[in-house]
Amino acid sequence: MGIRRTLLGSAVALAGMAGVAGYAMAAEVTVVCGSVGQGAKLCKGAATEWAKETGNTVKFFAAPASSTEQLALYQQILSSGSSDIDVFQIDVIWPGILGSHLIDLKPYSNGAEDMHFQPIVANNTYKGKLVAMPWYTDAGLLFYRKDLLEKHGEKAPETWGDLTASAKKIQDAERAAGNSKMWGFVYQAKAYEGLTCDALEWVDSFGGGDVVNADGDITINNEKAVKALKLAASWTGSIAPAGVLSYQEEDARGVFQSGNAVFMRNWPYAWSLGQADDSPIKGKIGVMALPKGGEEGKQTGTLGGWQLAVSKYSKAPEAAASLVMHLTSKKSQKQRAIEGSYNPTIADLYTDADVLAASPFMGQLKDTFTNAVARPSRATGSNYNKVSNAFYNAVHDVLSGKTEAEASLAKLEKNLKRIKRKGW
Amino acid sequence: MTLALQQDGSATRKVKRSNLSSARLRAAWLFLTPMMIALAAVAGWPLLRTIWLGFTDANLIDLSESQFIGFENYLAFYDGEAYGVLVDAEWWNAVWNTLWFSVISVGLETLFGLIIALILNAEFKGRGLVRAAVLIPWAIPTIVSAKMWGWMLHDQFGVINEILLGVGIISEPVAWTADPSTAMWAVIMVDVWKTTPFMALLTLAALQMLPGDIYEAARVDGINPIRVFFKVTLPLIRPAIIVAVIFRSLDALRVFDLIYVLTSSSTSTMSMSVYARQQLVDFQEVGYGSAAATLLFIVIALLTTITVVAGGLKSGEGDQA
């Protein structure tokens, strides 16, 4: 009895001390900053550095690798008002979906957002509040095997038609030479958000618009979009493995980086991994903007990118916001650009000599990042996920040969009208 | 005096007995109450809340702002067009997928379970070991086995394609879980692999209860073993099989994890649960998703009742024959 009382007493005292210490000195901040690979390593490094400087402690939360799963998890955590996670990494399409659960970062930013690309800052502004700070930006790029193109006398493709022809030629020649696992082109065609990005690029490059335009009109059912999807459907099983229908980013990178594909559509992060010392295709990779839809088409890329946001339910919002400012600072973004080929959201860094030395394509492709096509997440607001789901399922049906492009897009238009019923 | 005493005694006994039975009744309630409270809390309340949410326009963006909207989530007319779960082609696609999956996989599991049970019922060396080994697929958590099969079925580095290519059955890798024409079969195959042991176990238990003298008599009379199986064994174990089929059907109708892990939210394999989850979580439509979940509950309740009634009637006939 005596022992138990003593134990209880000391526990109460300890809890009290911890509480006092928590308020008076250091806060503990839980942050989600990537769960795999280089991105997570860099983020952890920078966050630990912040913790050392400020005397706070930082805890890392490993989020699921798939962004769809991440959003589902965050929604559950946030809608229950939980304070488990203070700092979230959020996708460029989420500010409209999660905005009501996030704090306004303006009081903590000291105007830092002015350095960043303004379209992204506008994207992160929800009902007049700056709910997230831009962290890195992304656009879809075409990666190719310089050595293979050279060997078979092919040029980097200008249009998707050129790509189809080159891919077929090189694939057949390589297979005849004994490399039976060689494929022409790999991309993301699983029925998930990634396919929305890929398909939007095909459609936009043909001039078929962006599914739902800025005014909220449904524009996807048009001839140019049909043309784009027909071409993409012809790839399945011919220059792309049939399994591409279940590929996400890492599946595509797996095939490309093991040397079994000529072309790959992916995000810039694939550059530094492909150039790593243990990569079988180190030094053999070329990067360029995605091909045009045709002679009248244009080069484009879907705008991606991640932001950092602070939960409204955080018990240490000030410390959390300070961590966000540290991670999105020029210094951190420069380091990420050099070591992980993550594209900064700070315009100045695109002319920084160190950055360009590490990732030469960043300077060349600055236009791609500025011309990138945005997914219709601003026009459709919290309905975006439904729109995207309807879109990628319609595209997936076409790619797998289940329906013809015309029929699928007509059905998609009808579905989108249903979703729009109550307004976006 | 004696009479009075006797009367007295019997009266006391009567009082005592009713005291005893009411005490028993009280004790029964006392023991049952915690369970009933627990059931109401963990099963009743969520169910009622789901049904209630199905009548609201609740949304994950702000759950506190939900309003009662009646049957609008189920069926509503707007500008001459019908809306709601009941007219959503994807929902009916999910219902069809679920029924197709349930009928085929439970059917195959029952058949294979019976065959395995008959084998395990025979006397042979190492029978105990084989019985334990057969249970392994069932003991692995679904989420783990689904992921495992997902890797094995992968078109580029999956072992299944490697084997089939090696023996020359296919000429190029098949994307089992991605191709709409094979995705459902892949899911059914994994489910059959996983739950056949369960069916085999229940069937084996029924087989072990059968009296040996019937078979003795059949053998003496020289009756064909196949005839014995269909005329004696099968009718006798049918009640047990029906129970097993009901158990499995309930499981199959609310299938979620297996399909979600293998093919995520693809429409070619989407089950009712996957549909409800997509509405609830991906689309944040708590109201609409709850309406779908309520329909799922009704469909399962209906089918269970039908199976129990139909199965019960038949086994009753069997007993009489």
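The values are calculated or read from the model by the stated rules, or taken from the named source; none is laboratory data. Keep in mind it's a predicted model, so treat the numbers as computed, not measured. As a convention, Cβ positions derive from the backbone with ideal geometry for all residues, glycine included, and neighbour counts pool all protein chains shown. Each accessible area value is taken on the protein alone, full model and side chains, heavy atoms only, with ligands, DNA and RNA left out. Shrake-Rupley method; radii C 1.70, N 1.55, O 1.52, S 1.80 Å.
Taking the square roots of five times each eigenvalue of the Cα gyration tensor of the protein assembly as shown, the equivalent ellipsoid has semi-axes of 54, 38, 27 Å, listed largest first.
If you plug the beta carbon distance of residue B:170 and residue A:147 into 1/(1 + (r/R0)^6) with R0 = 41 Å, you get a FRET efficiency near 0.85. With contributions of -39500 (n - 2.57) from each DSSP H run of at least four residues, the per-residue ellipticity at 222 nm computed over chain B stands at -23000 deg cm²/dmol. Measuring between their Cα centroids, region A:264-319 and region B:244-261 lie 39 Å from each other. Accessible surface ranking for A:130, B:39, 1.4 angstrom probe, highest first: B:39, A:130. Need one number: nm distance between label points at residue B:81 and residue A:177, each 7 Å from Cα along Cα→Cβ, rounded to one decimal. The modelled label-to-label distance comes out at 5.4 nm. Each label point was placed 7 Å from the Cα along the Cα-to-Cβ direction; for residue B:181 and residue A:127 their separation is 5.1 nm.
Could you give the distance between the Cα centres of region B:95-151 and region A:324-400, to the whole Å? Here the answer is 47 Å between Cα centres. Applying 1/(1 + (r/R0)^6) with r as the Cβ-Cβ distance of residue A:110 and residue B:163 and R0 = 60 angstrom yields a FRET efficiency of 0.45. Note on residue A:331/residue A:44: beta-carbon distance plugged into 1/(1 + (r/R0)^6) with R0 of 25 Å gives a FRET efficiency of 0.95.
Among B:198, A:228, B:233, pick out the residue whose Cα is farthest towards the positive end of the charge dipole of the protein assembly as shown, where Lys and Arg carry +1 and Asp and Glu carry -1 on C-beta, about the Cα centre. Of the candidates, B:233 comes out farthest on the positive side. Compared with the direct C-alpha span, the chain from residue B:63 to residue B:96 gains 8.7 nm at full extension, assuming 0.36 nm per residue.
Projected onto their three principal axes, the Cα atoms of chain A cover extents of 82, 53, 48 Å, largest first. Computed from the alpha carbon positions, the gyration tensor of region A:142-274 leads to an equivalent ellipsoid with semi-axes of 27, 16, 13 Å, biggest first. Hey, which lysines would be in cross-link range of residue A:41, C-alpha to C-alpha under 27 Å, not counting anything within fewer than 8 residues on its own chain? Of all the lysines, those that pass the test against residue A:41 - Cα under 27 Å, at least 8 places apart if same chain - are A:52, A:59, A:282, A:284, A:312, A:315, A:330, A:331, A:334, A:366, B:147. Overall, region A:217-304 carries a charge dipole of about 240 debye about its Cα centre when +1 sits on the Cβ of Lys and Arg and -1 on the Cβ of Asp and Glu, all other atoms neutral. Antiparallel beta bridges, as assigned by DSSP with both residues in the protein assembly as shown, represent about 70 percent of the total such bridges. Temperature 20 °C, viscosity 1.002 mPa s: under these conditions the Stokes-Einstein estimate for region B:185-321, based on its Kirkwood radius over C-alpha pairs, is 120 µm² per second. Whole-Hz Karplus values for region B:156-169 come out as 8, 10, x, 6, 5, 4, 4, 5, 4, 5, x, 8, x, 6 Hz, taken residue by residue from phi with 6.51 cos²θ - 1.76 cosθ + 1.60 and θ = phi - 60°; glycine and proline positions read x. Spatial offset of region A:54-82 relative to region B:36-66 amounts to 24 Å, using the alpha carbon center of each. Karplus-based coupling profile of region B:282-296, in residue order and whole Hz: 5, 9, 6, 7, 4, x, 4, x, 5, 4, 5, 5, 5, 4, 4, with θ = phi - 60° in 6.51 cos²θ - 1.76 cosθ + 1.60 and x standing for Gly or Pro.
Farthest toward the positive end of the dipole of region B:8-145, out of B:22, B:106, B:140, is the Cα of B:22, where the dipole comes from beta carbon charges about the Cα centre. By the rule of a second cysteine Cβ within less than 4.7 angstrom, the protein assembly as shown holds isolated cysteines at A:197. Can you give me the angle between helix A:2-24 and the longest principal axis of chain A, using Cα atoms only, in degrees from 0 to 90, rounded to the nearest 10? So the helix axis and the longest Cα principal axis differ by about 60 degrees.
Compared with the dominant Cα axis of chain A, that is its longest principal axis, helix A:67-79 is turned about 30°. Placing unit charges on the Cβ atoms of the charged side chains and taking the dipole of the protein assembly as shown about its Cα centre, the candidate lying farthest along the positive direction among A:320, B:260, B:218 is B:218.
Annotation: amide H of residue B:69 within the under-5 Å range of B:56, B:57, sequence separation 5 or more or interchain, hydrogens built in the peptide plane.
Relative to the present Cα-Cα distance, how much length would full extension add between residue A:348 and residue A:410 at 0.36 nm per residue of separation? It would help to have the intermediate numbers written out before the result.
On the way: separation 62, 0.36 × 62 = 22.32 nm, distance 4.44 nm.
Separation in residues times 0.36 nm, less the Cα-Cα distance, equals 17.9 nm.
Summarising the overall dimensions of chain B from its C-alpha atoms, the Rg and Dmax are 27.2, 104 angstrom. Extents of region B:77-211, largest first, come to 71, 44, 24 Å (Cα atoms, principal axes, whole angstrom). Taking every DSSP helix (H) stretch of at least 4 residues in chain A, weighting each as -39,500 (n - 2.57) and dividing the sum by the residue count yields a mean residue ellipticity at 222 nm of -14500 deg cm²/dmol. Each distinct pair of alpha carbons in region B:135-235 adds a 1/r term; the inverse of their mean, the Kirkwood radius, is 16.9 Å. For residue A:212, the residues whose amide H sits under 5 Å from its own are A:219, ignoring neighbours fewer than 5 places away on the same chain, with H placed 1.01 Å from N.
In this view, the solvent-accessible surface of residue A:292, computed with a 1.4 Å probe and all protein chains in place, comes to about 50 Å².
Near the amide H of residue A:138, within less than 5 Å, lie the amide hydrogens of A:304, A:305, all on another chain or at least 5 residues away, with H placed in the peptide plane.
Taking every residue in A:416-424 and counting other chain Cβ atoms within 10 Å of its Cβ, the average works out to 2. Take chain B with all the other protein chains still there, run a 1.4 Å probe, and you get 57 Å² of accessible area per residue.
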